[in-house]
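Student: So that we are looking at the same thing, I have put the structure below in structure tokens.
The values are calculated or read from the model by the stated rules, or taken from the named source; none is laboratory data. What you are looking at is a predicted structure, and each value in this text was computed from that prediction instead of being measured. For neighbour counting, all protein chains shown are included, and Cβ atoms are generated from backbone atoms with ideal geometry for every residue, glycine included.
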Amino acid sequence: MKREILITKDGSQTIAIAEMNVTYHSIHGAMQESKHVFIETGLMPFIQLQEYAVISIFEMGLGTGLNALLTYEAAEQLKQKIDYTSIELFPLQVEEYQNLQYANKKMLQQLHAYKWERDIMLSDYFSLHKTNQSLLSFSTDKKFNLIYYDAFAPAAQPELWTETIFKKLFSMLAANGVLVTYCSKSIVQKAMKAAGFIIEKKAGPPGKREIIKAIKTIT
């Protein structure tokens, strides 16, 4: 599986896998997409509530590490404790992540270099646990406040966008937990609703009309 670094339209980098016809982020802007979908739509509403001593986040999957890096930076800037769990079946190799040019390159490389299957305190505000396995086999007793769902698109990984998968994710969320994703296809919305989620459509980043915020509302 050959991976190639690409420059997206906002000047930030992503990685492409030609044989799967996928990129890790939007070609219209990797940084813009990550900030809009996961930080602004997912994380910031939790921080603004000021009700969570620790926000627990699950990410599917680690990829370039950009989502984790932006979340770390938000935790540091806003002094919000975040417990971050990320899953990745095919981690980047050293030579791949060393060639990624994001602003906080040193921290990005540390995120990738830290040992897998361990709890790591990166700072007083950010803890990280990376696990090297597929979502299909992943199991946890932890309940998360927020899920960053960043799997490859349904055309490339249809098995990760089913009702069964969203039922699993629903069960992983705490009450009033939220899942955010860039994908708003009707088949995805249908699977989410069947799993019990309340769907909110949000305006998308450049190149994307809308994204999805899925809520686990417990009454």
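Student: Taking into account only those residues within region 75-103 that are surrounded by 14 or more Cβ atoms within 10 Å (Cβ to Cβ) and either in contact with a Pro (Cβ under 8 Å, 6 or more places away or on another chain) or in contact (Cβ under 8 Å) with a residue 60 or more places away in the chain (or both), which is nearest to T140 (Cα to Cα)?
Tutor: L92
Student: Kindly indicate whether T162 is within 17 Å of the chain's Cα centre (by Cα), surrounded by 15 or more Cβ atoms within 10 Å (Cβ to Cβ) and of a type in the set (S, T, Y). Even if it seems obvious, please write down each step before you answer.
Tutor: On the way: within 17 Å of the chain's Cα centre (by Cα): no; surrounded by 15 or more Cβ atoms within 10 Å (Cβ to Cβ): yes; of a type in the set (S, T, Y): yes.
So T162 does not fit the description; no.
Student: In region 54-69, is there at least one residue being surrounded by fewer than 18 Cβ atoms within 10 Å (Cβ to Cβ), part of a helix (DSSP H, G or I) and either touching a Gly at 6+ places or on another chain (Cβ under 6 Å) or not aromatic (F, W, Y) (or both)?
Tutor: Looking through region 54-69, none of the residues is surrounded by fewer than 18 Cβ atoms within 10 Å (Cβ to Cβ), part of a helix (DSSP H, G or I) and either touching a Gly at 6+ places or on another chain (Cβ under 6 Å) or not aromatic (F, W, Y) (or both).
Student: How many of the residues in region 173-205 are out of contact with any helix residue (DSSP H, G or I) (no Cβ under 6 Å at 6 or more places or on another chain), over 20 Å from A155 (Cβ atoms) and in contact (Cβ under 8 Å) with a residue 60 or more places away in the chain?
Tutor: 2
Student: Follow-up. Name the residues in region 101-112 that are assigned to a helix (DSSP H, G or I) and either in contact with a strand residue (DSSP E or B) (Cβ under 8 Å, 6 or more places away or on another chain) or over 16 Å from L66 (Cβ atoms) (or both), would you?
Tutor: To start, the set of residues in region 101-112 that are assigned to a helix (DSSP H, G or I) comprises 105-112.
If the condition is that a residue be assigned to a helix (DSSP H, G or I) and either in contact with a strand residue (DSSP E or B) (Cβ under 8 Å, 6 or more places away or on another chain) or over 16 Å from L66 (Cβ atoms) (or both), then L111 is the only one that fits.
Student: Further, regarding this structure: May I ask you to list the residues in region 4-38 that are part of a loop (DSSP other than H, G, I, E, B), at pLDDT 95 or above and surrounded by fewer than 20 Cβ atoms within 10 Å (Cβ to Cβ)?
Tutor: Within region 4-38, K9, D10, G11, I27, H28 qualify.
Student: Now for a different question. How many of the residues in region 59-85 are within 18 Å of S123 (Cα to Cα) and either within 10 Å of the chain's Cα centre (by Cα) or not acidic (D, E) (or both)? Before the answer, list the steps.
Tutor: In the first step, residues of region 59-85 are kept if they are within 18 Å of S123 (Cα to Cα); the result is 65-85.
If we keep only those that are either within 10 Å of the chain's Cα centre (by Cα) or not acidic (D, E) (or both) too, we end up with 65-72, 74-75, 77-82, 84-85.
Residues that pass the stated criteria total 18.
Student: Follow-up question, since we're still on this one. Which condition does T41 not pass, out of (1) buried (at least 18 other Cβ atoms within 10 Å of the Cβ); (2) without any contact (Cβ under 8 Å) to a residue 60 or more places away in the chain; (3) on the phi < 0 side of the Ramachandran plot; (4) not hydrophobic (A, V, I, L, M, F, W, C), if it passes all the others?
Tutor: (2)
Student: Does L146 qualify as being under 23 Å from T64 (Cβ atoms), in contact with a Leu (Cβ under 8 Å, 6 or more places away or on another chain) and surrounded by 14 or more Cβ atoms within 10 Å (Cβ to Cβ)? Working first, answer last.
Tutor: Values: under 23 Å from T64 (Cβ atoms): yes; in contact with a Leu (Cβ under 8 Å, 6 or more places away or on another chain): yes; surrounded by 14 or more Cβ atoms within 10 Å (Cβ to Cβ): yes.
When the stated conditions are applied, L146 passes them.
Student: Looking at E117, E95, can you tell me which residue is over 18 Å from L70 (Cβ atoms) and either part of a loop (DSSP other than H, G, I, E, B) or among the basic types (K, R) (or both)?
Tutor: Values: E95 fails: either part of a loop (DSSP other than H, G, I, E, B) or among the basic types (K, R) (or both).
Of E117, E95, the one residue that is over 18 Å from L70 (Cβ atoms) and either part of a loop (DSSP other than H, G, I, E, B) or among the basic types (K, R) (or both) is E117.
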